[in-house]
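To keep things clear, I will list the structure first and then write my remarks on it.
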Amino acid sequence: MLIHWIVVFLVFLVTSIAHELGHMLTLLAFRIPIHRLKFGFGPVIWGKNFKNSVVKRLRIGLFPFGVGAGFDGDHLKFKLLGFWAKIFVFFSGTLLNLIIAVLVSFFVGFGNVIQPSVKPNDIVDISRIFVVLNLMLGIFQLLPFTRFDGGRIFDEIVRRYFSHKSDFFISNLKTTITVVLTSAIFYVYHFWI
């Protein structure tokens, strides 16, 4: 059982890296510098700054759980991006998670991925974990909270289409999106157990 949770942890790390890689590749395609890249969370135990590099600051946190990439939203190149380009930058991490989930399902066989594996930690079981965690992380990041990708997408959409609406309407819209996405996360999790 311990090996299973180690596998889950390692798959989650790979999934997190893939998510941030989606953002990074999109930012690089738009020629927007990556302000920071941090592996792990908590206090920084090692860091390095780079002058003439794609990544300006590299950090390693005390707790080796997840990864985060950041960019300067006030950077002129980002501000000059159009509405759909900004949405794509924020959505690109989730998009890569969804693409990975579909590709792994395709190669392993969708029927194999949705069924619990007879042998724990075999290739089908690990593939299943990979699909479920990619789907869950992708959907989770779409929640409309401030520091999430979904919060940034939500803010862009509100600025563009709903700036004239009341705070009450916006709050209800955010709550509705949260309930729908949370239900989707639990549905995907139910797939797993």
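Observations on the structure shown:
- If the segment from ALA85 to ASN112 were pulled out straight at 0.36 nm per residue, it would be longer than the present Cα-Cα gap by 6.1 nm.
- Remark: region 21-163 carries a charge dipole of roughly 660 debye about the Cα centre, counting +1 on each Lys and Arg Cβ and -1 on each Asp and Glu Cβ.
- Rolling a 1.4 angstrom probe over the chain with all protein chains present gives an accessible area of which 71% lies on carbon and sulfur atoms.
- Bridge type composition, the chain - antiparallel percent by DSSP, nearest 5: 70 percent
- Based on the Kirkwood approach, the hydrodynamic radius assigned to region 101-171 is 14.5 Å, with every pair of different Cα atoms included.
- Rounded accessible area of HIS164 (nearest 10 Å², 1.4 Å probe): 140 Å²
- In this Cβ point-charge picture (+1 for Lys and Arg, -1 for Asp and Glu), region 112-193 has a dipole of about 180 debye about its Cα centre.
- Pairs from LYS79/LYS165; LYS51/LYS79; LYS38/LYS165 whose Cα-Cα separation, in the structure shown, is over 28 Å: LYS38/LYS165
- At least 30 Å along the helix axis (C-alpha) and Kyte average at least -0.5, DSSP helices within the chain: 2-29, 83-108, 167-192
- Result for the chain in a Gaussian network model with C-alpha springs under 10 Å: among ASP155, ASP167, ASP125, the largest mean-square fluctuation is at ASP167.
- Estimated FRET transfer efficiency when R0 is 22 angstrom, pair VAL180-LEU98 (beta carbons, to 0.05): 0.85
- Kirkwood Rh and Cα Rg combined as Rg over Rh, evaluated for the chain: 1.01
- For the chain, the solvent-accessible area works out to 60 Å² per residue, with a probe of 1.4 Å and every protein chain left in place.
- GNM result for the chain, Cα springs below 10 Å: residue of PHE50, PHE30, PHE90 fluctuating most strongly: PHE50
- For the options LEU95, LEU135, LEU173, a Gaussian network treatment of the chain with springs between C-alpha atoms closer than 10 Å singles out LEU173 as fluctuating the most.
The values are calculated or read from the model by the stated rules, or taken from the named source; none is laboratory data. Only a predicted model underlies this, so the values are computations on that prediction, with no experimental measurement involved. Neighbour counts are summed over all protein chains in view; Cβ atoms, including those assigned to glycine, are modelled from backbone coordinates with ideal geometry. For the accessible areas, the whole protein counts, side chains as well, though only heavy atoms, and no ligand, DNA or RNA atoms are used. Shrake-Rupley method; radii C 1.70, N 1.55, O 1.52, S 1.80 Å.
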